[in-house]
Amino acid sequence: MNSPGKSLCLFWNSSIGKKIVVAVTGLLLVGFLLGHMAGNLLLFAGRDALNDYAEFLHHMLHGAGIWVARIGLLVALILHVMSTISLTLHNRAARKEKYEHEATVQASKSSRIMAISGLIILAFVIFHILHFTVRIDPELANMPDPNEPGRHDVYGMVLKGFEGPFVPAFYFIAITLLCSHLSHGIASIFQTLGLRSRKTEGSIKALSWLVTALLWVGFLIIPMSAYFKLVSDKGHASTGLIQQGTVADSTGYSPGLNRVQSAIQQGTVAE
Amino acid sequence: MNLTLKVWRQAHADDRGSISTYEAKDIPEEASFLEMLDIVNEQILEGDSGEEPIHFDHDCREGICGMCSLNINGVPHSKEQGITTCQVHMRKFRDGDTIWIEPFRAKAFPVVKDLITDRTAFDRIIAAGGFIDVRTGSAVDANSLPIPKEEADSSFDAAACIGCGACVAACKNASAMLFVGAKAAHLNLLPQGEPEKDRRVLSMVRQMDAEGFGNCTNQYECEAVCPKEISADVIAKLNRDYAKAAVKEAVAT
Ligand code: HEM
Ligand code: SF4
Ligand code: FES
């Protein structure tokens, strides 16, 4: 009856339609977070593992892959924020007059601060991108990989980026709020997409908590380990002995191409 | 028992309204909540303040009509589960308690006077699609149209909704999803309602949005206060049925 364009408008303008946009984009973002966390954890496998991974991301599909992912994520984030802000404003208008005696029966604290946790996450995402992707700090921007000087040293940059007390503290707060957002958000996806029922309610809640806890530990372990020096930047350390050790270790992780380079590097160290 | 009541008084729809305090004296424990208000109203009428009695909605006083409302200490139909305001008894309170009594609040439920709200937005949602277009002749034989037990039960559970509006009153966003979900599921689950399922869901949801109800944020406050214990499963079903109907509308019909 309606043209597809009109149907799309009706869908976007309906309460349920916008909620479905929130859930689908939220699901995409959660998927990204899990992948991003797994990739980041390569930090614990050493400099070469992390830097190889970063190089791989930048060369996916001849360099196009990372842009496809970036644009896709940006569109998802923009749609998520636009629809949630519009829904939140609409919800406030629907309950203009507050109760003199307010009471809450079972809504969780996390579910009641979604807009605030969301906006802080947004501020964090912008900071995080300027910090590690755009690298507005020249000190972090000019870090060649000591084992392979042609490429950026993501490993060293991450460890250096978390040196001060403020950055790790901000990460701690923001990621904790992200997890608060997700403790309600992940379970919510199922309800919004019509996949939750009394029978599955328990397992959905458990899954939601499990994924949230995993993300909290997986993301925070990096700034915390860096700040408390549980992982140290051996590549930039002064003693040749340690450096030699690192290089010898790291050959195990390096693809063939790097191995030659590592060998050369090892030679340099021996000198 | 003696109680202190904090009651919302509002002379008419455009009045700002405020909380007034009343001392409810010598309330028998066996009185119902609405009988307690009747006693307080008698006391107001007998006094010489010239004040109008407290206006509130009620009809059947046995939990089936959906007319009584009231937010009692912040919770629609009180914190007792699975009952309407008319089924609340004073024995659930203690001597000396202070009780807050307010109208159901939502932009789509404007206050008419004191504790009475205009809930006709629900009627307009029903008029938009909460029916089936068939001739209503004499009832057909019960077994001429087989319906699986599980579906009949789910439909019956949804049909228990009495349209009181407590779900809207409890929701932080004044969303009517539990009511609309129940009314749509009740018909969508049955063979008689199935042919008009898509049209019904689209029309009812659009009317719900037009009335100014909020959006569901999956906090399940509605489910917790519903006097008929309608499950939030009907909301998941409404989301699912709406998504399917919207896609079909865009590409098929
Ligand atoms: C990495 C970033 C983010 C992820 C992974 C994420 C994830 C989610 C998920 C899974 C949901 C539940 C979807 C549903 O209701 O079915 C959700 C809801 C929501 N998000 Fe986000 N989100 C993110 C960023 C943001 C940002 C930046 C905002 C800023 C405004 C925001 C605001 C909201 C709001 C207000 C809701 C609705 C809450 C509700 O319905 O109860 N989110 N988010
Ligand atoms: S769903 Fe429950 S709370 Fe909402 S109108 Fe129906 S009976 Fe009342
Ligand atoms: S007065 Fe009819 S349900 Fe309470």
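For this structure, a couple of remarks:
- Scan of segment B:220-241 for residues that are within 14 Å of ligand 1 (Cβ to nearest atom) and more than 30 Å from residue B:85 (Cβ to Cβ), ordered by number: B:240
- Scoring residue B:217 on the criteria (1) open to solvent by 20 Å² or more (accessible area, probe 1.4 Å); (2) more than 15 Å from ligand 1 (Cβ to nearest atom) leaves a single failure, condition (2).
- Of the residues making up segment B:57-70, those that are within 13 Å of ligand 2 (Cβ to nearest atom) and either at pLDDT below 95 or surrounded by fewer than 17 Cβ atoms within 10 Å (Cβ to Cβ) (or both) are B:64, B:65.
- Test for residue B:119: is it without any contact (Cβ under 8 Å) to a residue 60 or more places away in the chain, among the basic types (Lys, Arg) and within 16 Å of ligand 3 (Cβ to nearest atom): yes
- Among the residues of segment B:134-177, those that are among the small types (Gly, Ala, Ser), within 14 Å of another protein chain (Cβ to nearest Cβ) and within 15 Å of the chain's Cα centre (by Cα) comprise B:158, B:165, B:166, B:169, B:170, B:174, B:175, B:176.
- For the residues A:150, A:156, A:161, the requirement of being open to solvent by 60 Å² or more (accessible area, probe 1.4 Å) and closer than 19 Å to residue A:53 by Cα singles out A:150.
- Positions within segment B:71-103 being surrounded by 23 or more Cβ atoms within 10 Å (Cβ to Cβ), in a loop (DSSP other than H, G, I, E, B) and facing chain A (nearest Cβ under 10 Å), in sequence order: B:103
- Considering segment A:1-118, the qualifying helices (runs of 4 or more DSSP H), each wholly inside and each with 3 or more residues that are open to solvent by less than 50 Å² (accessible area, probe 1.4 Å), run over A:4-13, A:15-40, A:47-59, A:64-94.
- Answer from B:209, B:153 - the residue that is modelled with pLDDT of 95 or more, more than 16 Å from ligand 2 (Cβ to nearest atom) and closer than 26 Å to residue A:115 by Cα: B:209
- Considering only residues in segment B:37-56 that are assigned to a helix (DSSP H, G or I) and β-branched (Val, Ile, Thr), the one that is surrounded by the most Cβ atoms within 10 Å (Cβ to Cβ) turns out to be B:40.
- With respect to the stated conditions, residue B:212 is on the phi > 0 side of the Ramachandran plot and either away from ligand 1 (no atom under 16 Å from the Cβ) or more than 7 Å from every other protein chain (Cβ to nearest Cβ) (or both).
- Qualifying residue in segment B:161-170 (condition: away from ligand 1 (no atom under 16 Å from the Cβ) and over 30 Å from residue A:106 (Cα atoms)): no
- Residue in segment B:221-252 that is nearest to the other protein chains (Cβ to nearest Cβ), counting only those that are open to solvent by 20 Å² or more (accessible area, probe 1.4 Å) and among the acidic types (Asp, Glu): B:233
- Among the residues of segment B:223-236, at least one is within 16 Å of ligand 3 (Cβ to nearest atom) and among the β-branched types (Val, Ile, Thr).
The values are calculated or read from the model by the stated rules, or taken from the named source; none is laboratory data. Because the structure is predicted, anything quoted here is derived from the model rather than measured. Positions of Cβ are generated from backbone atoms using ideal geometry, with glycine treated the same way; all protein chains shown enter the neighbour counts. The accessibility values were calculated without ligands, DNA or RNA, using every heavy atom of the protein model including side chains. Shrake-Rupley method; radii C 1.70, N 1.55, O 1.52, S 1.80 Å.
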